[in-house]
Amino acid sequence: MSNSYFTLSGSSPSDDEESVSTSSNIIINFDKKIDYLDGNIVIYKASDDSIVETIRVTSSQVLSSESVLTSPNVFDEVNNELIIWIKEIVPYISNSIGVEETSKTNSEWASYIQSNYNILLNGGTHSYNGERILISGQQSEPSETSEWFNFTTIPDTKPELGQGYFNGGEAEGTLTFIPKIGSKQYTINPTTDLEESTSYYIQIDSNAFQDIEGELFQGIDDKTTLSFTTADETAPSAPSTLTTTSTTTNDPTPTISGSAEAGSTVILYNGSVSDNETITYQVSVEAKTSDHNSYGSGSSYGYKIDNNFAPYLSLTPGNTYKFDQSDSTNANHPLVFYLDANKGTSYTNNVITSGTPGSDGAYTQIQVTTSTPETLYYQCSNHGLMGDSFRTNLGTATADSNGAFSITSSTLSDGSYSLTANATDSASNTSSSSSALSIIVDTTSSTITGPSGSEAGASTSTVSINENGTAVNTFTADETVTWSLSS
């Protein structure tokens, strides 16, 4: 055996990589094809050098890129025989090499396996621990109706431990078919997920691999050649105690306060990102008035959304929004989404258009996700500045060191709202939605009326105070009194 050595050409995670998924496999690469030999791969926790897991290189947890891991029914016979159920290995091997199962007869598959693979045994009745079995031939050639391959193995490669089994309700185990020519890439699969936000390093025995000329892998015996840190994968708690000055307000941009994980980015929504609703807006086209935000610019016509020139739309991630253009006034005015008001770049992600605007059933639909831009524009593709913008949230803020945040909402139209917030930490983990805060925005000026003129001095026991003509309170006296309303 040669005294020279070869080393890794790369790995995933790469050395010193951060934010690695806790469920990641570890992939090691070589610049030439090498083969399994013996020895262990050991994962250490860097903080205290404790062993997380020791993995034997010939176990089922280490798989080369051309190897095939199977769990077939097997009769582990005496006299160097291994009888394997055909239908539980051929589909996997044929898939691995990219051919159909029917491309070879059973006899041809048996010969192909014998010529190209050795087998690593793990588990089974005899609790194998990565023993390498070399196939020498076939006890009998399989016919097209045969269900079993009856391989013979080279003496001394399969221990003579008596009758045994793999699977079939007897004893679980695996057979890894490893290519005789070796592989350039090996994947290591830890038994359990790693811990979050934790640094690890990996060491590999120098006798773990060799090439076909017998040159050994140099091994890794330090703490720095293959080290990495796992990601923070825990989502912050949902923001809490959403409040505002008044839940019924004439302020179209109310300020919402609350608590969240310190340093997290808090996003305010109209509704919840988990609603998964489909919401339909009715679109029509009319001559612009001063209510339109682009009045005096572009086309003299504009879109109305639910009969409103300035609807101040807020589209919540998780929901689907359908802009219905069935109304005949939409003819020749197809609604398209853009990244800018002047239609420089259209936006088509998760957008569906159906029918001809102005005809029954015509619509443009968008499914909003957390990756949808914060602001989009809906405009006519044929004419300028007919539409307006919409937001996919109502505003953002960063929670301070005490977790407090305050968000001034983008403009809201008059109506009722159910506001929620989500928090995203520095590792991009996002919380669930907060409990909803219900508010009413009403910017209509109120006219208060009551006793006036001769009525103010009338001797009567009951009068009403009215807001916009509607009685909001009635006062009754138990004797004849004189009423007056003070400003």
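Candidates in segment 276-291 are the residues that are closer than 24 Å to I439 by Cα and open to solvent by less than 60 Å² (accessible area, probe 1.4 Å); of these, the one that is modelled with the lowest pLDDT is I279.
Of all residues in segment 263-275, exactly one satisfies the criterion of being in a loop (DSSP other than H, G, I, E, B), at pLDDT 95 or above and open to solvent by less than 20 Å² (accessible area, probe 1.4 Å), namely S264. Based on what the data block shows, is I181 under 29 Å from I93 (Cβ atoms), open to solvent by 40 Å² or more (accessible area, probe 1.4 Å) and more than 32 Å from the chain's Cα centre (by Cα)? Answer is yes for this residue. Of the residues making up segment 358-371, those that are over 25 Å from N276 (Cβ atoms) and either modelled with pLDDT under 95 or open to solvent by less than 30 Å² (accessible area, probe 1.4 Å) (or both) number 1. Among the residues making up segment 409-438, those that are assigned to a strand (DSSP E or B) and either touching a helix residue (DSSP H, G or I) at 6+ places or on another chain (Cβ under 9 Å) or β-branched (V, I, T) (or both) are T420, T424, T430.
Of all residue pairs spaced 6 or more apart or on separate chains, those with beta-carbon atoms under 7 Å, a first member in segment 102-129 that is open to solvent by 50 Å² or more (accessible area, probe 1.4 Å) and a second member that is assigned to a strand (DSSP E or B) are N116/P179; T125/D76; T125/G164; T125/Y165; T125/A171; N129/R56; N129/N122. The residue of segment 184-209 that is surrounded by the fewest Cβ atoms within 10 Å (Cβ to Cβ), among those that are over 34 Å from the mean Cα position of the chain (by Cα) and within 25 Å of G123 (Cβ to Cβ), is N207.
In the set L412, L437, L419, only one residue is at negative phi, in contact (Cβ under 8 Å) with a residue 12 or more places away in the chain and open to solvent by 10 Å² or more (accessible area, probe 1.4 Å); that residue is L437.
What about T443, is it under 11 Å from V266 (Cβ atoms), open to solvent by 40 Å² or more (accessible area, probe 1.4 Å) and of a type outside the set (D, E, K, R)? The answer is no for T443. Kindly indicate whether any position in segment 208-231 is within 30 Å of N270 (Cα to Cα) and touching a residue at least 12 places away in the same chain (Cβ under 8 Å). So far as segment 208-231 goes, no, none of its residues is within 30 Å of N270 (Cα to Cα) and touching a residue at least 12 places away in the same chain (Cβ under 8 Å). Residues in segment 304-317 that are in a loop (DSSP other than H, G, I, E, B) and open to solvent by less than 20 Å² (accessible area, probe 1.4 Å): F309, A310, P311, L315, T316, P317. If the condition is being open to solvent by 10 Å² or more (accessible area, probe 1.4 Å) and part of a strand (DSSP E or B), then segment 292-303 contributes only Y301. Residues considered: A238, A231, A260. Of these, the only one that is under 31 Å from the mean Cα position of the chain (by Cα), of a type in the set (A, V, I, L, M, F, W, C) and open to solvent by 30 Å² or more (accessible area, probe 1.4 Å) is A238.
Name every residue in segment 318-339 that is surrounded by fewer than 16 Cβ atoms within 10 Å (Cβ to Cβ) and at positive phi, in order of residue number.
Correct list: N332 only.
Among the small types (G, A, S) and modelled with pLDDT under 95: is that true of S428 in this structure? In short, yes. Checking each residue in segment 141-158 for being modelled with pLDDT under 90 and surrounded by 13 or more Cβ atoms within 10 Å (Cβ to Cβ) picks out T157, K158. In segment 342-350, is there at least one residue being part of a loop (DSSP other than H, G, I, E, B), among the aromatic types (F, W, Y) and open to solvent by 50 Å² or more (accessible area, probe 1.4 Å)? No, that holds for no residue. Looking across segment 35-71, just one residue is in contact with an Asp or Glu (Cβ under 6 Å, 6 or more places away or on another chain) and over 17 Å from N129 (Cα atoms), and that is I43. The strands (runs of 3 or more DSSP E) found wholly in segment 1-64 and carrying at least 2 residues that are open to solvent by less than 10 Å² (accessible area, probe 1.4 Å), over 19 Å from N122 (Cβ atoms) and touching a strand residue (DSSP E or B) at 6+ places or on another chain (Cβ under 8 Å) occupy 26-36.
Do we have any residue at all in segment 1-22 that's more than 18 Å from T198 (Cβ to Cβ) and among the aromatic types (F, W, Y)? Among the residues of segment 1-22, at least one is more than 18 Å from T198 (Cβ to Cβ) and among the aromatic types (F, W, Y), which makes the answer yes. Looking across segment 68-112, the residues that are within 33 Å of the chain's Cα centre (by Cα), assigned to a strand (DSSP E or B) and aliphatic (A, V, I, L, M) come down to V68, L69.
The values are calculated or read from the model by the stated rules, or taken from the named source; none is laboratory data. The structure presented is a predicted model; accordingly, all values stated were derived computationally and were not measured. Note that each Cβ is placed from the backbone with ideal geometry, even for glycine, and that neighbours are counted across all protein chains shown. For accessibility, only protein heavy atoms count, side chains too; no ligands or nucleic acids. Shrake-Rupley method; radii C 1.70, N 1.55, O 1.52, S 1.80 Å.
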